[in-house]
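Notes follow the structure.
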Amino acid sequence: PTPAHTATGWVYHRGTSTRAADGSLVIRWSGSFTVVFYGGMTYWTASDPVLTLDASGNGRVTATGSGFGASMEDLSRWEALPETSIVLAELRGVDTSGGDGFATDPQYLGVAVSGAGQAERTADNAAFWGSFPASFVQFQKLTGQAGYWLTTNGQRDRAKIASTMYISYVASGAVGVVARPAGR
């Protein structure tokens with residue numbers, strides 16, 4: 001059976017962009033989203049994301065992370081985390097030449113992160129083994145959510161792969177969101 005997923009997504013509007021003569025691109029958005037697990041026992045917020053791509057289509061999406069530190073081992077732990085810059089997504093080879101925008105899959109498959117509890121890559125998990133970016137996972141260690149963002153050899157590992165990002169240059173030419181492939 002295909003693992004269920006939450007199908008949660010975020011939509012930002014009215015970003016401001018700058019495209020250089022070499023094709024590099026920067027898009028900035030204002031606003032925040034919050035991820036809540038376990039009925040509010042652990043949560044974090046990302047604010048004011050920025051997409052930056054070089055002329056080759058390589059770059060990242062960054063944001064300011066905040067929230068509260070929690071621990072599954074110590075349920076009394078609850079402390080405000082300082083705002084910190086985190087990388088939400090690493091992007092490679094993005095083609096930004098489309099008139100309406102683009103869709104791209106952030107890096108996840110094959111990405112290794114140390115010191116966060118990532119399982120060893122094996123023949124059994126190679127098809128879905130990976131991680132979100134290192135700064136993001138290190139931030140999630142503080143929130144108590146690190147295991148949700150990388151391969152841990154848990155039953156939900158197949159569902160942890162980063163979802164496709166859709167970036168539209170104009171609302172009237174919105175890049176369509178398609179159905180998520182099975183197991184993603």
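The values are calculated or read from the model by the stated rules, or taken from the named source; none is laboratory data. As the structure is a computational prediction, the values presented were derived from the model and not from experiment. Heads up, the Cβs are rebuilt from the backbone with ideal geometry, glycines too, and the neighbour counts pull from every protein chain shown. We work out accessible area using only protein heavy atoms, side chains counted, and drop any ligands, DNA or RNA first. Shrake-Rupley method; radii C 1.70, N 1.55, O 1.52, S 1.80 Å.
Points worth noting:
- In the stretch 81-108, the residues that are surrounded by 15 or more Cβ atoms within 10 Å (Cβ to Cβ) and under 21 Å from Trp149 (Cβ atoms): Leu81, Ile86, Val87, Leu88, Ala89, Glu90, Leu91, Thr104, Asp105, Pro106, Gln107, Tyr108
- Filtered residues of the stretch 22-44 (kept if crowded, with 19+ Cβ neighbours inside 10 Å and more than 17 Å from the chain's Cα centre (by Cα)): Leu25, Thr42
- If only residues of the stretch 144-167 that are under 11 Å from the mean Cα position of the chain (by Cα) and in a helix (DSSP H, G or I) are counted, the one that is nearest to Pro49 (Cα to Cα) is Trp149.
- Scan of the stretch 78-96 for residues that are in a loop (DSSP other than H, G, I, E, B) and without any contact (Cβ under 8 Å) to a residue 12 or more places away in the chain, ordered by number: Trp78
- Of the candidates Val111, Val137, the single residue that is at negative phi, assigned to a loop (DSSP other than H, G, I, E, B) and among the β-branched types (Val, Ile, Thr) is Val111.
- Meets criteria (out of contact with any Lys or Arg (no Cβ under 6 Å at 6 or more places or on another chain), open to solvent by less than 40 Å² (accessible area, probe 1.4 Å), under 20 Å from Thr152 (Cα atoms) and modelled with pLDDT of 95 or more) for Ala134: no
- No other residue among Gly23, Gly67, Gly59, Gly39 is at pLDDT below 85 and small (Gly, Ala, Ser) apart from Gly39.
- Checking each residue in the stretch 45-70 for being free of Cβ contacts under 8 Å to residues at least 60 places away in the same chain, among the hydrophobic types (A, V, I, L, M, F, W, C) and either open to solvent by 10 Å² or more (accessible area, probe 1.4 Å) or not in a strand (DSSP E or B) (or both) picks out Val50, Ala55.
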